[in-house]
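Notes follow once the structure below has been shown.
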Amino acid sequence: MAKKTTIIPVGPYHPLQEEPEFFKLYVEGEKVVGLDIELGYNHRGVEKLSEGKDYEETIFLVERVCGICSTSHPIACVQAIEEAGDLEVPQRALYIRSLIGELERIHSHLLWLGLAGHFLGFNTVWMWAWRYREEVLNICEQVTGNRNHYGMLKPGGVRRDVPATEISAIRKMLDTLSSPLDLFRDTVAEDPLIQARTRGIGTLTPQQIRKFAAVGPTARASGVDIDVRRDHPHAAYGMVEWDVVLESRGDIFDKIMVRIGEMFQSVRIIRQCLSRLETEPGPIDSHPKEVKPGEGIGHYEAPRGEVFHYIRSDGSNRPVRHKIRAPSYMNVPTNREAVIGETIADATIILAAVDPCYCCTERMAAVLDPETDRVLISGKELLQRSRRKTAWLRSQLGHEGPDLKWDC
Amino acid sequence: MTPSDVVMRIQSALGERLSDLHQPSEKRVYFEVDPNCIPDTARLLHDTLQARLQTAAGVDGPHQMEILYHWALDRLGLVVTVRTRVDRDQPQIASIAAICPAAEWIEREMWELLGISFEGHPDLRHLLLQDDWPHGKYPLRRDFRKD
């Protein structure tokens with residue numbers, strides 16, 4: 001008798017994803033045998049909108065492409081405009097760009113780490129990661145005026161300086177962040193339960209990374225040594241010392257370790273930027289009057305990977321063409337191979353492992369009978385399967401754990 | 001290998017099929033080829049030079065449509081942009097998805113938003129627009145009007 005294939009629709013609205021995406025999992029029993037990805041539930045036509053806005057307005061528009069990496073798109077965009085129009089940028093503005101970019105990387109990685117813990121049924125990691133993320137967001141608010149959507153960037157510089165009082169506040173926050181980061185690194189690296197749930201799961205080989213041209217931590221976890229900050233130096237990244245964090249196995253565990261390692265590097269970069277901001281005063285904006293005709297490319301290493309912007313200028317005050325490519329566009333298709341052959345309980349964390357830009361919207365996932373469309377398993381049950389596996393492993397390891405009766 | 005070596009490799013491989021090669025800075029190379037030369041160029045950049053496809057972008061013009069393929073050579077900090085022009089009335093070009101699977105989504109996107117047909121694409125269906133989007137309406141074209 002032929003095996004019956006069942007479809008599990010994950011999305012379009014699902015706690016795994018901030019953006020509505022629709023993953024159609026094809027399963028035989030517990031095993032995932034196929035995946036189809038549908039996008040477009042939140043298509044806003046930003047590229048078209050940008051053609052009707054002047055360059056200053058465009059920055060505010062692209063800031064809203066993503067709610068989490070809201071400074072990554074503006075950094076890439078201003079660089080594309082500056083390259084197209086041959087604009088100067090003062091050095092102090094470059095340090096401020098990297099400073100804000102790295103603060104954003106820390107809070108984005110902490111967000112992902114917390115959610116990964118939550119999906120695995122490791123809620124302590126969730127609570128702790130988000131507790132410390134809050135302090136990073138508070139500093140972002142103090143320095144920029146907003147917890148997110150900072151409005152700091154403009155072609156030719158930045159909008160707001162970082163004065164000495166805020167430099168000391170950022171330093172103080174970094175000091176308090178140091179021991180929690182050590183804790184996260186040690187908890188994850190040494191915890192047998194997290195290792196059991198993530199080692200060898202959702203593995204991507206360097207060949208698969210190259211096939212999908214995947215970027216960011218997803219590529220670096222598989223040993224693919226690319227980082228736009230080092231390879232195509234921009235902002236202050238060529239003027240400070242830091243290392244690219246690389247792992248080799250390409251499984252979920254390595255993706256966690258890359259992101260934790262990157263937070264340490266971000267702290268290193270921020271500290272150096274702060275020192276330079278203290279010792280190197282100067283203007284923060286070159287006040288460009290016009291953008292010359294031309295074309296330019298800007299890219300930036302967002303927390304999820306390379307953000308790419310292409311701008312064509314005809315010398316007027318608005319772009320003729322503005323192409324935007326976000327990192328998830330390259331990373332999400334890797335799920336088509338990462339999830340095959342894995343179990344439903346592991347699919348949740350594998351789909352989340354590329355960090356497809358999520359911030360918890362609604363929950364809508366269910367296992368349907370393909371013939372009758374009758375709901376066989378709800379989204380809640382799907383998430384609980386992942387947690388039950390953790391609980392089972394915990395009991396196998398002889399560890400104490402929370403009662404499974406708690407709600408998701 | 002240096003950026004100038006890359007330029008020499010491109011020039012020797014494509015010969016007279018290549019035009020308008022310019023380097024606005026040491027990190028950027030732009031050149032233009034005929035549409036029928038795009039698969040060979042993709043093979044050269046992806047297979048021989050091990051470049052990473054960053055993305056592609058269609059640009060609508062009054063008579064022609066431009067397609068720009070952006071390739072990154074990360075070790076050199078270089079971005080190579082390949083430009084080609086197709087007829088605006090019947091924009092058609094060979095798909096490079098078989099050479100570089102990462103192009104699959106962006107070709108689907110250019111097909112639905114600009115109406116460029118990619119011959120040999122394995123799965124040319126809507127990516128961003130809804131499945132019942134009216135045929136022949138391409139929202140990223142300059143003459144597109146909302147009804």
(message) From the list B:ALA97, B:ALA72, exactly one residue is outside any strand (DSSP E or B) and either more than 14 Å from chain A (Cβ to nearest Cβ) or without any contact (Cβ under 8 Å) to a residue 40 or more places away in the chain (or both). Which is it?
(response) B:ALA97
(message) Just to be sure before I move on: is A:GLY282 in contact (Cβ under 8 Å) with a residue 40 or more places away in the chain and assigned to a loop (DSSP other than H, G, I, E, B) in the structure I sent?
(response) yes
(message) Between B:GLY115, B:GLY77, which is within 11 Å of another protein chain (Cβ to nearest Cβ) and more than 12 Å from the chain's Cα centre (by Cα)?
(response) B:GLY77
(message) Can you tell me how many residues within segment A:25-83 are among the aliphatic types (A, V, I, L, M), in contact with a Phe, Trp or Tyr (Cβ under 9 Å, 6 or more places away or on another chain) and within 30 Å of A:ILE201 (Cβ to Cβ)?
(response) 6
(message) If I go through segment B:31-51 residue by residue, how many of them are farther than 23 Å from A:PRO327 by Cα and free of Cβ contacts under 8 Å to residues at least 60 places away in the same chain?
(response) 13
(request) Mind listing whichever residues of segment B:109-147 are in a loop (DSSP other than H, G, I, E, B) and either touching a strand residue (DSSP E or B) at 6+ places or on another chain (Cβ under 7 Å) or among the aromatic types (Phe, Trp, Tyr) (or both)? (result) B:ILE116, B:GLY120, B:LEU124, B:TRP133, B:TYR138, B:LEU140, B:ARG141, B:ARG142, B:PHE144
(message) If a residue must be at pLDDT below 95 and of a type in the set (Lys, Arg), how many such residues does segment B:12-39 contain?
(response) 2
(request) Check B:GLN54 against each of (1) among the polar types (S, T, N, Q); (2) more than 8 Å from chain A (Cβ to nearest Cβ); (3) free of Cβ contacts under 8 Å to residues at least 40 places away in the same chain and name the one condition it does not meet. (result) (2)
(message) For the structure I just gave you, tell me whether A:ALA221 is surrounded by 14 or more Cβ atoms within 10 Å (Cβ to Cβ), closer than 25 Å to B:ALA51 by Cβ and in contact with a strand residue (DSSP E or B) (Cβ under 9 Å, 6 or more places away or on another chain).
(response) no
(request) Residue by residue through segment A:289-321, note down the ones that are under 21 Å from the mean Cα position of the chain (by Cα), within 13 Å of chain B (Cβ to nearest Cβ) and charged (D, E, K, R). (result) A:GLU301, A:GLU306
(request) Determine, yes or no, whether A:ILE139 is assigned to a helix (DSSP H, G or I), within 29 Å of A:SER313 (Cβ to Cβ) and among the hydrophobic types (A, V, I, L, M, F, W, C). (result) no
(request) Would you mind telling me which numbered condition in (1) within 13 Å of chain A (Cβ to nearest Cβ); (2) more than 27 Å from A:GLY216 (Cβ to Cβ); (3) surrounded by fewer than 20 Cβ atoms within 10 Å (Cβ to Cβ) B:ASP47 fails? (result) (2)
(message) Being in contact with a Gly (Cβ under 7 Å, 6 or more places away or on another chain) and surrounded by fewer than 24 Cβ atoms within 10 Å (Cβ to Cβ) is the filter here; which residues of segment A:89-120 pass it?
(response) A:VAL89, A:PRO90, A:GLN91, A:ARG92
(message) Quick check on my filter: what residues within segment B:9-35 are part of a helix (DSSP H, G or I) and surrounded by 12 or more Cβ atoms within 10 Å (Cβ to Cβ)?
(response) B:ARG9, B:ILE10, B:GLN11, B:ALA13, B:LEU14, B:ARG17, B:PRO35
(message) Give me the residue from segment A:322-342 that is of a type in the set (Val, Ile, Thr) and touching a helix residue (DSSP H, G or I) at 6+ places or on another chain (Cβ under 7 Å) and, out of that set, farthest from A:PRO303 (Cα to Cα).
(response) A:VAL339
(message) Would you confirm, using the coordinates I've provided, whether A:ILE106 is out of contact with any strand residue (DSSP E or B) (no Cβ under 9 Å at 6 or more places or on another chain), at pLDDT 95 or above and of a type outside the set (Ser, Thr, Tyr)?
(response) yes
(request) Mind listing just one residue for me: the one in segment A:217-246 that is of a type in the set (Gly, Ala, Ser) and farther than 18 Å from A:ILE100 by Cα and, of those, nearest to the other protein chains (Cβ to nearest Cβ)? (result) A:ALA219
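The values are calculated or read from the model by the stated rules, or taken from the named source; none is laboratory data. Predicted, not measured: the structure shown is a model, and the values here were computed from it. For neighbour counting, all protein chains shown are included, and Cβ atoms are generated from backbone atoms with ideal geometry for every residue, glycine included.
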